[in-house]
Amino acid sequence: MSSSQIWLTIVLMGIVTYLPRLLPLLFLSRAQLPQWLMLWLKYVPTSIFGALIFSEIFVRDGELFFSLNNPYLWASLLAFMVALKTKSLPGTIGVGCLAFWVLHTYWF
C-alpha cells in the first residue's frame, strides 16, 4: 500500500467517523422537537451507561456472575457510596479504580 493510499484511507475514515456525529447535530439543532421526545431522550444516556456498567460488573465469559468473590461488584459498590457522599466524578472514578486494583491484586 502506497503512502498516498494510506493517507486517503485515514482521511476517508475520519470523514466516515465524523459525519454520523455532525449530521444529527446540524439538523436537530434547528428543529423544534416535541416535548415527549425531549423527555424520552433525556433518559437515553443513563440507560446506555447502566447497560454498559451492568455487563462489566455482572457478566464473565458470556454468563451472569453473581458472586461475593466478584471484585468488580465490591469496587462498584464502594465507588457508588463515594459518589453519593461526595458528588465528585473524579473522586468516584479514583476510588473505584483504586478499590478494584487493591481487591483484584490482593484479595481475589
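The values are calculated or read from the model by the stated rules, or taken from the named source; none is laboratory data. This one's a predicted model, so the numbers in the text were calculated from it and none came from an experiment. We place every Cβ from the backbone using ideal geometry, glycine too, and count neighbours over all the protein chains shown. What goes into the accessible areas is simple: the full protein's heavy atoms, side chains included, and nothing from ligands, DNA or RNA. Shrake-Rupley method; radii C 1.70, N 1.55, O 1.52, S 1.80 Å.
Data table
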{"read-out": "Extreme residue, least open to solvent (accessible area, probe 1.4 Å), among residues of segment 82-108 that are in a helix (DSSP H, G or I) and among the polar types (S, T, N, Q)", "value": "THR92"}
{"read-out": "Every pair of residues 6+ apart whose Cβ atoms lie under 9 Å, when the first sits in segment 11-40 and is touching a residue at least 12 places away in the same chain (Cβ under 8 Å) while the second is open to solvent by less than 80 Å² (accessible area, probe 1.4 Å)", "value": "none"}
{"read-out": "Residues of segment 72-81 satisfying the condition of being farther than 18 Å from ARG60 by Cβ and open to solvent by 30 Å² or more (accessible area, probe 1.4 Å)", "value": "LEU78, PHE80, MET81"}
{"read-out": "Options PHE27, PHE66; residue that is at pLDDT below 95, touching a Phe, Trp or Tyr at 6+ places or on another chain (Cβ under 9 Å) and loosely packed, with under 10 Cβ neighbours inside 10 Å", "value": "PHE66"}
